[in-house]
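A.B. asks: Sharing a structure, written as structure tokens. Questions coming.
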Amino acid sequence: AGAKQFSHKLQHILKRYNRIHDKLLQELPADQSFNMPLTSRNNTVRYIYFRHRQDTDLATQFYTLLSTYLLAILTDRALIVDNEEYKQMMCEPFTRSSWFASEILFKDTDMIPKNLNQALSTRRPIRAVQLDFTDYQFRAILQCSGNLKEAFSHVQWLVIDDNVGQFVNLMFANTAHDQYLWELFPSGAVIAPLYHSLIHPSNQIWQDIPAL
């Protein structure tokens, strides 16, 4: 039943993203990205960082994670997570690269520009921008900024907290991506295929499930 949730095009795109994730992190591992001058011509790798916040329930975390995964696919960014619990809960989803950060990144949120409109309009290289889709400004930008890979191309890191919730619908509302997304998800079911692609419970989780 799970295989039927994947269109042929989606299967192709997920395999492509797996290769992109591997290539990006081989080219410039996440923990080395901060040593790369923003103005360097070699500053070409882009990341999206899924940041753990205390007291976020697991359902909200997963809805946010899967939405972040889709945004990573649309923008060709390496998905990085910092949740230590995931190391116990899940297997690595990518073939030759790890999605776990070697340390907690962006502890000081003051380093992340708050004015996203200004950050996007300057086109000046930026280390990181925090995306908060509970804020109207950020929701509008995701829907109305055209091609999102191009819109965020000058930002090395996009940071999304795990308490934001599902924002897949905002990407479907973006006219630069809506046709493409409907081709990937012709039935309109988005979360389930992304879940089956990304979330792989570890052996420990299966051992902890009591026998029925």
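A.B. asks: Pairs under 9 Å by beta carbon, first residue open to solvent by 60 Å² or more (accessible area, probe 1.4 Å) in segment 52-64, partner of a type in the set (Gly, Ala, Ser), six or more apart or different chains?
C.D. replies: Hits for this filter: TYR63/GLY165.
A.B. asks: For segment 1-91, which helices (runs of 4 or more DSSP H) that fit wholly inside it have 2 or more residues that are among the polar types (S, T, N, Q)? I'd like the intermediate steps shown before the answer.
C.D. replies: Numbers: elements: 8-27, 58-75, 84-89.
Of the helices (runs of 4 or more DSSP H) lying wholly inside segment 1-91, those with at least 2 residues that are among the polar types (S, T, N, Q) span 8-27, 58-75.
A.B. asks: Return the residues of segment 102-129 that are out of contact with any Phe, Trp or Tyr (no Cβ under 8 Å at 6 or more places or on another chain), at pLDDT 75 or above and either small (Gly, Ala, Ser) or open to solvent by less than 90 Å² (accessible area, probe 1.4 Å) (or both); say none if nothing qualifies.
C.D. replies: We begin by selecting, within segment 102-129, every residue out of contact with any Phe, Trp or Tyr (no Cβ under 8 Å at 6 or more places or on another chain); these are 102-104, 107-111, 113-115, 117-119, 121-126.
From what is left, the residues that are at pLDDT 75 or above are 102, 121-126.
SER102, SER121, THR122, PRO125, ILE126 - these are the residues of segment 102-129 that are out of contact with any Phe, Trp or Tyr (no Cβ under 8 Å at 6 or more places or on another chain), at pLDDT 75 or above and either small (Gly, Ala, Ser) or open to solvent by less than 90 Å² (accessible area, probe 1.4 Å) (or both).
A.B. asks: When residues of segment 159-196 are filtered for being in a loop (DSSP other than H, G, I, E, B), farther than 16 Å from PHE133 by Cβ and of a type in the set (Gly, Ala, Ser), how many remain?
C.D. replies: Just the residues of segment 159-196 that are in a loop (DSSP other than H, G, I, E, B), to begin with: 162-167, 173-177, 185-190.
Subset that is farther than 16 Å from PHE133 by Cβ: 175-176, 185-189.
Okay, now just the ones that are also of a type in the set (Gly, Ala, Ser), so 176, 187-189.
Total satisfying the criteria: 4.
A.B. asks: Looking at SER33 and the list (1) open to solvent by 10 Å² or more (accessible area, probe 1.4 Å); (2) over 16 Å from the mean Cα position of the chain (by Cα); (3) among the hydroxyl-bearing types (Ser, Thr, Tyr); (4) more than 13 Å from LEU194 (Cα to Cα), which single condition is not satisfied?
C.D. replies: SER33 satisfies all of (1) open to solvent by 10 Å² or more (accessible area, probe 1.4 Å); (2) over 16 Å from the mean Cα position of the chain (by Cα); (3) among the hydroxyl-bearing types (Ser, Thr, Tyr); (4) more than 13 Å from LEU194 (Cα to Cα) except (1).
A.B. asks: Determine, yes or no, whether HIS52 is modelled with pLDDT of 95 or more and within 14 Å of the chain's Cα centre (by Cα).
C.D. replies: Numbers: modelled with pLDDT of 95 or more: no; within 14 Å of the chain's Cα centre (by Cα): yes.
Against the criterion (modelled with pLDDT of 95 or more and within 14 Å of the chain's Cα centre (by Cα)), HIS52 does not qualify.
A.B. asks: Of the conditions (1) surrounded by fewer than 15 Cβ atoms within 10 Å (Cβ to Cβ); (2) farther than 25 Å from GLN156 by Cβ, LEU10 satisfies every one except a single condition; which number is it?
C.D. replies: (1)
A.B. asks: Okay, moving on. Before we move on, is GLN143 farther than 25 Å from THR60 by Cβ, modelled with pLDDT of 85 or more and within 17 Å of the chain's Cα centre (by Cα)?
C.D. replies: On the way: farther than 25 Å from THR60 by Cβ: no; modelled with pLDDT of 85 or more: yes; within 17 Å of the chain's Cα centre (by Cα): yes.
No.
A.B. asks: Checking ILE199 against (1) hydrophobic (A, V, I, L, M, F, W, C); (2) more than 14 Å from LEU65 (Cβ to Cβ); (3) surrounded by fewer than 20 Cβ atoms within 10 Å (Cβ to Cβ), only one condition comes out false. Which one?
C.D. replies: With respect to (1) hydrophobic (A, V, I, L, M, F, W, C); (2) more than 14 Å from LEU65 (Cβ to Cβ); (3) surrounded by fewer than 20 Cβ atoms within 10 Å (Cβ to Cβ), ILE199 is out only on (2).
The values are calculated or read from the model by the stated rules, or taken from the named source; none is laboratory data. Everything quoted here is computed from the prediction, not taken from an experiment. Neighbour counts are summed over all protein chains in view; Cβ atoms, including those assigned to glycine, are modelled from backbone coordinates with ideal geometry. Quick note on the areas: whole protein, heavy atoms, side chains included, nothing else; ligands and nucleic acids left out. Shrake-Rupley method; radii C 1.70, N 1.55, O 1.52, S 1.80 Å.
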